[in-house]
Amino acid sequence: MSHDGDVGARLAFDRGAPGRRAVDVARWEGTPAALPPPGLLRDAVRLPELSQGELVRYYTELSGRNFGVDSGTYPLGSCTMKYNPKVDDLVASLPAFAEAHPLAPAATMQGTLRTLAELAAMLGELTGLPAVGLAPAAGAQGELAGMLMVRRALERRGDLAGRRRVLVPDSAHGTNPATAAMAGFEVTEVPSGPDGSIDQQALARTLDGDVAALMVTVPNTLGLWERGIEAVAARVHEAGALLYGDGANLNAILGRVRFGDLGFDVVHLNLHKTFSTPHGGGGPGAGPVCATPALAPFLPAPVVTEDADGSLRLVRPEHSIGQLQQFHGSIGVLLRAHAYIRSLGIEGLRAVSANAVLNANYLRALLEGSYALPYQRRALHEVVFSGSPQRREHGVRTYDIAKRLIDYGFHPPTVYFPLIVEEALMIEPTETESRESIEAFAAALRAIAEEAERDPDLLHAAPRHAPIGRLDEAGAARRPVLRWQPPAQPAEPRDER
Ligand SMILES: Cc1ncc(COP(=O)(O)O)c(C=O)c1O
């Protein structure tokens, strides 16, 4: 049997398995082409005739075509796609939480408010920044909240007009410069040095009295510690600017390093990366902002406050940037985070960061000989390789490598980000992958590196075992087809022996 044959047999969507009858999706075609004249239905609607059992099989079949953290290794760099304990879903779906009316009076919502207050306190403790706003519903929205807080703080001290620029390192997530621009600032890019940290001399040249803030991601998107960050914080403050932290990569330093202790003024976290809600897929997220007490009056509304009699209510901070979300924000995500932190405890959280870093470094060691490693430093939560030798020597692009991984049953890593790494392959195994699954993933990537040398066209044609091959991704984004269409027949697999 060919090597590829082994892979095919392992795939979750192997439709030829004995006893599994593929449901004929084409039978489902038949919704009316156009709606009849105003509300009047003249012809019978051609609804499919199906039993409940067939319907269940149809949806089960469809769900099997999806790939998620519960189906396999999903090392999507910068997304922290880890296993999320099911008990946290259970907590979030408890009827007292899930069925509460959002307009219910505070007196009847004390349990929910207490949970939110505890979560805010725990996030404040973990970041060393005790003023916490839970409302933002995504990392990017947390960034916006944080940068609007910076803006409002400068405005209050009469310093906004002269401070128009925000500095952003060239390794930053794209949301950082976008956020700074949305908050009304001009963006100045700061280059990274050869070690992947901010180029200190370039920073010194551009950091002057017209700078409002420096936005820094810690650990950065190369999966590296930002060297000299405390000195950077001091320099930023000397210049009268504020230090904004993108804390979306907290998984690497959870329970070990606190942004407040490093000198940050405000950070956002991605609860949907670190704290038990899967990231990606456009689902709900939560991007709380955590800030110094000096910035507390500017937090987004609402925040929970406790009265002298111990009762809790929602308030709008004195100089709040306003309300970004309805009601409490993404309450389900917040509840999961609370359950996650309480069930692991500080030692459990420290084990999360220890194992996330260990796994990334193990993977780094396993793949070092097969792919180029642009930064020869110990990795933190993720490791960024470059496929540029494969491109140069064999005409195989990182995109081909990523697509070929699908044939091996793995979700591809993030590719072409960070932008400063050519042909980037950004891999984040997370702490919840076992040693065996990391070794299996590394073995697949090593095998693909060999295939790139031996048979580059095999990679150009990948994936060959997925229900859908290569997509016109730009076309799909620009001209989405939102109506159901019968699936195209899969191409006959090529015999590669
Ligand atoms: C470092 C970093 N910053 C910001 C974001 C933006 O978060 P979101 O996608 O929730 O808007 C992400 C997303 O993964 C990220 O990895």
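The values are calculated or read from the model by the stated rules, or taken from the named source; none is laboratory data. Treat the numbers as computed from the prediction; the structure is a model and nothing was measured. In this analysis, Cβ positions are derived from the backbone assuming ideal geometry, glycine residues included, and neighbour counts consider all displayed protein chains.
The set of residues in the range 362-373 being surrounded by fewer than 16 Cβ atoms within 10 Å (Cβ to Cβ) and not aliphatic (A, V, I, L, M) consists of E368, G369. With the condition kept exactly as written, say whether any residue in the range 137-153 is more than 16 Å from the ligand (Cβ to nearest atom) and in a strand (DSSP E or B). Looking for residues that are more than 16 Å from the ligand (Cβ to nearest atom) and in a strand (DSSP E or B), one finds none in the range 137-153, hence no. The set of residues in the range 154-179 being assigned to a helix (DSSP H, G or I) and touching a helix residue (DSSP H, G or I) at 6+ places or on another chain (Cβ under 6 Å) consists of T175, T179. Within the range 136-149, no residue that is at negative phi sits with its Cβ atom under 6 Å from a residue that is of a type in the set (D, E) and within 10 Å of the ligand (Cβ to nearest atom) at 6+ positions apart or across chains. All conditions in (1) part of a helix (DSSP H, G or I); (2) free of Cβ contacts under 8 Å to residues at least 12 places away in the same chain; (3) not charged (D, E, K, R) hold for L471, with the sole exception of (1). Quick check on my filter: what residues within the range 255-277 are more than 11 Å from the chain's Cα centre (by Cα), among the charged types (D, E, K, R) and either surrounded by fewer than 24 Cβ atoms within 10 Å (Cβ to Cβ) or near the ligand (Cβ under 10 Å from one of its atoms) (or both)? Scanning the range 255-277 gives R256, R258, D261. The residue that is surrounded by the most Cβ atoms within 10 Å (Cβ to Cβ), counting only those in the range 292-320 that are in a loop (DSSP other than H, G, I, E, B) and among the polar types (S, T, N, Q), is S320. In the set (1) within 24 Å of G322 (Cα to Cα); (2) modelled with pLDDT of 95 or more; (3) over 24 Å from the mean Cα position of the chain (by Cα), the condition left unmet by H101 is number (2).
Selection of the range 229-252 for residues being surrounded by fewer than 21 Cβ atoms within 10 Å (Cβ to Cβ) and touching a residue at least 40 places away in the same chain (Cβ under 8 Å) yields only G240. Check off (1) within 12 Å of the ligand (Cβ to nearest atom); (2) within 21 Å of G260 (Cβ to Cβ) for R157 and give me the number that stays unchecked. R157 satisfies all of (1) within 12 Å of the ligand (Cβ to nearest atom); (2) within 21 Å of G260 (Cβ to Cβ) except (1). For the range 278-288, check the following and say yes or no: at least one residue is assigned to a loop (DSSP other than H, G, I, E, B), away from the ligand (no atom under 12 Å from the Cβ) and buried (at least 24 other Cβ atoms within 10 Å of the Cβ). Taking every residue of the range 278-288 in turn, none turns out to be assigned to a loop (DSSP other than H, G, I, E, B), away from the ligand (no atom under 12 Å from the Cβ) and buried (at least 24 other Cβ atoms within 10 Å of the Cβ).
For the range 56-108, a tally of residues being within 16 Å of the ligand (Cβ to nearest atom) and not in a loop (DSSP other than H, G, I, E, B) returns 1.
Taking E436 as the residue in question, decide whether it is modelled with pLDDT of 95 or more, buried (at least 20 other Cβ atoms within 10 Å of the Cβ), within 27 Å of the chain's Cα centre (by Cα) and charged (D, E, K, R). So E436 fails the test.
Within the range 168-218, restricting attention to residues that are more than 15 Å from the ligand (Cβ to nearest atom) and in contact (Cβ under 8 Å) with a residue 60 or more places away in the chain, the residue that is nearest to G247 (Cα to Cα) is A213. When restricted to residues that are of a type outside the set (A, V, I, L, M, F, W, C), more than 23 Å from A178 (Cβ to Cβ) and part of a loop (DSSP other than H, G, I, E, B), the range 188-225 contains 5. Taking the range 121-136 as the range and being away from the ligand (no atom under 16 Å from the Cβ) and within 16 Å of S330 (Cα to Cα) as the test, only V132 passes. Which residues, taken from the range 378-394, are within 24 Å of the chain's Cα centre (by Cα) and either among the polar types (S, T, N, Q) or modelled with pLDDT under 95 (or both)? Across the range 378-394, the qualifying residue is only S386.
Annotation note: of A104, A98, the sole residue that is without any contact (Cβ under 8 Å) to a residue 60 or more places away in the chain and either in contact with a strand residue (DSSP E or B) (Cβ under 8 Å, 6 or more places away or on another chain) or among the aliphatic types (A, V, I, L, M) (or both) is A104.
Considering the range 241-254, the residues that are closer than 16 Å to G142 by Cα and either modelled with pLDDT under 95 or assigned to a loop (DSSP other than H, G, I, E, B) (or both) include one that is farthest from the ligand (Cβ to nearest atom), namely G247.
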